[in-house]
Every structure is written in structure tokens, then in C-alpha cells.
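Asks: Here's a structure for you.
Bear in mind that the values in this text are calculations on the coordinates, not laboratory data. In this text, all values refer to a predicted model and were calculated from it rather than measured experimentally. No Cβ is skipped: glycine too gets one built from the backbone with ideal geometry, and neighbour counts run over all protein chains shown.
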Amino acid sequence: MVMGTDFPARAVIDLSALEKNLNQLRKCDSNVSAMAIVKANAYGHGGVQIARAALEFGVKWFGVAQLAEAIELRAGLTGFPQARIFTWIFSPDADLETAIKADLDIAVSNPETLLRLVSAARAVGKTARVHLTIDTGMGREGALPDKLSPLLSAAQLASDEGTVEIVGIWSHLARADEVGAGQDATLRQLSRFGQSCKAAEQRGFTRLIRHLSASSGLLWYPQAHFDLARYGIAMYGLTPNPARATTASLQLTPIMRLEADLISVKRIPAGHPVSYGGTWVAPRDTYIGIVPLGYADGIDRHASGKIWVAANGQKYPQVGRICMDQFMVDLGNTPDGQPPLKPGETVRLWGDGSQGEPTADDWAGAADTINYTIVTALNSRVPRIYI
Ligand SMILES: *Cc1c(COP(=O)(O)O)cnc(C)c1O
């Protein structure tokens with residue numbers, strides 16, 4: 001049990017595994033720079049801590065979705081003014097002056113936003129750095145091919161005036177993680193991105209930083225690497241799609257382990273129901289352990305009855321419905337009648353599987369979701385400990 005907190009559960013984040021994963025991903029293409037995607041509190045791992053560690057491991061670019069996250073990250077990285085922070089979500093009336101003051105790299109999809117950035121840059125007296133966003137087939141942010149020309153015209157005007165520096169061009173792949181089926185769509189996106197880069201070049205933007213790939217593009221589409229790759233889920237040691245390649249086969253190490261100390265162990269008789277709805281009834285006299293984490297902490301309730309925890313290499317099935325703040329596990333019996341685990345003993349909810357615990361992929365399978373949501377959902381109530 002890791003001490004130092006009164007909360008009877010914790011996410012243990014292994015920063016040496018982060019370094020290993022970064023090195024592993026760099027091997028995909030040593031000519032491509034890394035942008036560490038640390039949005040959503042670094043997928044639940046702790047935004048500033050992960051960014052600081054990645055800085056130490058040589059990463060210079062950081063990506064967060066929301067402008068508010070970018071401002072917060074900049075504040076958390078004082079002392080590292082060289083860190084580049086890229087952001088792509090903000091409302092039409094967002095405070096762009098603050099964004100420019102925070103020295104962010106800002107994604108722009110249309111001429112209107114670019115004009116607003118120009119006024120903000122004038123007001124602040126500082127050049128705004130812009131990455132042009134292209135919608136090559138994601139149907140999310142970005143200019144569609146037929147809207148690229150007006151965007152480039154606005155970009156030329158603004159950069160001639162010096163209020164805005166166009167530094168990058170980027171897009172996002174929708175199906176690069178898929179097995180088979182998504183390939184045509186991905187190649188179509190690639191070709192559209194290439195055309196957009198060419199169009200920008202013809203307008204004089206010859207030195208743009210081009211970025212298209214997130215983890216799956218980096219892992220599975222060498223032709224989509226360009227200058228910069230956005231390292232997301234794979235950096236946290238999880239596969240973008242276990243059906244395409246397992247975490248182990250990618251030689252990645254999950255960097256988060258979630259563990260909890262049993263707050264209670266008690267004996268219940270055969271026939272006694274457990275949790276809301278009485279969906280599980282003890283088939284024999286047994287010991288029940290209470291794990292002090294629930295869906296308020298981000299433990300996916302859909303996994304109820306389909307998952308397990310582990311301690312000392314032993315697996316204990318989770319039984320009954322997962323509650324808001326706790327859930328129960330069936331500890332079973334020992335030959336001498338003693339409880340298999342004692343109150344206060346630590347069980348692992350997820351990790352790298354080395355102690356028999358489930359992985360985030362196992363949870364995702366049990367809850368019919370993706371590993372991304374399992375780690376990202378972990379609530380701020382749960383302390384993070386960095387080793
Ligand atoms: C979340 C996100 C990423 C990271 O994706 P992973 O699949 O986790 O690697 C990269 N780029 C954009 C635009 C994103 O929204």
C-alpha cells in the first residue's frame with residue numbers, strides 16, 4: 001500500500017513507463033517530432049505532471065483540446081517557456097487575447113476565426129501562431145477542401161500584415177485504427193491532406209509544420225507521419241485498438257495502475273444478495289470484500305459483474321452492481337476458514353496485468369467501450385501518485 005493520502009484508493013502513475021512508451025513510439029519514425037496530447041487531464045493521468053515529465057523526456061510539443069486547458073497548462077509549465085502548446089477547441093466568443101498572451105499555437109478552421117485572431121493580436125501587440133485546420137474526412141473541425149481557398153487568402157492577408165504567423169497545417173484521421181475496412185477512407189484522407197498542403201505551398205506557405213497522425217496513424221500509416229505526430233493513447237501505454245494490435249504486441253506499457261484498499265471484509269451466508277437489485281446472490285457462504293471506488297470515481301457501471309480485481313496474483317470476481325462510491329468482490333474461502341484478504345489490503349482494479357489484474361482493455365471489453373474512456377473517466381477525487 002502506498003501511503004501519504006487518507007483516500008483509500010489511488011492511481012499510481014509510472015513515469016518511467018511513460019519514458020519507455022515515448023522511446024518506443026519514436027522508433028516508429030525518428031524523423032517525426034512528438035506532440036504529447038495531454039487533453040482531459042492527460043487522459044486521467046494528470047495533465048501538468050505528465051507534461052512536465054514528457055518535457056524532461058525531450059518532448060517539445062503539447063496538445064490539449066480546449067483553450068481553457070491550454071491556458072491552464074501554460075500556467076502549469078512556468079519555467080518552460082519553450083514548450084509549444086497546441087489547442088483546437090474554443091467558442092466563437094473566446095478570449096483570444098489571453099490565448100495569444102499565453103503564447104499558444106491555435107488551430108483555425110475558417111476566415112472568420114482568423115480575423116478575430118488578427119484583431120486580438122493587434123490589441124495585444126503580439127503575433128498569433130496559427131495552424132490551419134483541414135477537414136479531410138473527419139467531419140469535425142476544419143475547412144472542407146472547397147473552403148480552403150478563402151481560408152488561405154485570409155491567411156495570406158493576415159501573415160503579410162504580420163499580426164498572424166501561419167506555422168502549421170493539420171487534420172485528423174477518423175479510421176486509422178480500424179482493421180481492413182477503414183483503409184480506403186484513411187487513404188482518401190491522406191490524399192486530401194496532401195492536396196491541401198500543396199495548395200498552401202502554392203500560396204507561399206512553404207515551411208508549414210504538417211501533422212495528420214494521432215497514435216494509430218503513427219503506428220499504422222507511415223505515409224501519414226509528416227513532420228509531427230500527436231501522441232495520445234499509445235503514449236499512456238494502451239493500444240488504439242486491441243483488435244488491430246494488442247498493447248503487448250506494440251511493446252507499450254500501461255502507465256496507470258488503479259488500486260484500492262479494502263475498507264471491509266465480511267462473511268455472508270449462502271443466499272444473501274449483494275448490491276442494488278440483488279442481481280448477485282451468494283451461491284455459498286463466502287467472504288465479501290468492499291472496494292471503495294464506484295461510478296462517481298469513474299468506474300464504469302456497465303462492467304458490473306463482468307470484471308475482477310487482483311491481489312498477490314489472485315483474481316477476485318466483482319459481484320453485483322457497481323455503486324456510486326464502492327463495489328463488492330467475492331473473495332471466496334480459504335481451507336482454514338480465514339478471510340482470503342484482510343481489511344486494508346490493497347487490490348488492483350487495473351494496470352499492466354502483471355499481478356493478474358485486468359487491463360484498461362479488459363474493462364473496456366466488460367463495459368462495451370474503449371480503453372480511452374476507462375482511464376479518462378477516472379475522477380479527480382482519486383489521488384494520483386507518481387513514481
Ligand atoms: C485526442 C486527439 C489526439 C490523440 O489521439 P489518440 O488516438 O489518443 O492518439 C490527436 N489529435 C486530435 C485532434 C485529438 O482530438
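Asks: Averaged across orientations, what area in nm² does the convex hull of the alpha carbons in the stretch 164-252 project?
Replies: Average projection, Cα convex hull of the stretch 164-252: 6.2 nm².
Asks: Sticking with this one: So for the stretch 282-360, what percent of the C-alpha to C-alpha distances run longer than 18 Å?
Replies: Of all Cα-Cα pairs in the stretch 282-360, 38 percent lie more than 18 Å apart.
Asks: Further, regarding this structure: Please report, in Å, the Rg and the Dmax of the stretch 15-236, where both are computed over Cα atoms only.
Replies: Cα only, the stretch 15-236: 16.8, 50 Å (Rg, Dmax).
Asks: While we're looking at this one, here's another question. If we sort 214-222, 306-314 on the protection proxy, mean other Cβ atoms within 10 Å, highest first, what's the order?
Replies: 214-222, 306-314
Asks: Can you give the translational diffusion coefficient of the chain in µm²/s, computed by Stokes-Einstein from the Kirkwood radius over Cα pairs at 37 °C and 0.692 mPa s?
Replies: D, rounded to a whole number, is 145 µm²/s.
Asks: Among Lys39/Lys101; Lys266/Lys306; Lys126/Lys198; Lys20/Lys266; Lys126/Lys147; Lys39/Lys147, which pairs are too far apart, with a Cα-Cα distance over 31 Å?
Replies: Lys20/Lys266
Asks: I would also like to ask the following. Once the cut-off is 20 Å, how many percent of the Cα-Cα pairs in the stretch 4-124 end up in the long-distance tail?
Replies: Counting every Cα pair in the stretch 4-124, those more than 20 Å apart make up 49 percent.
Asks: How do the peptides 198-205, 254-261 rank, highest first, by the average count of neighbouring beta carbon atoms within 10 Å per residue?
Replies: In descending order of packing, they fall as 254-261, 198-205.
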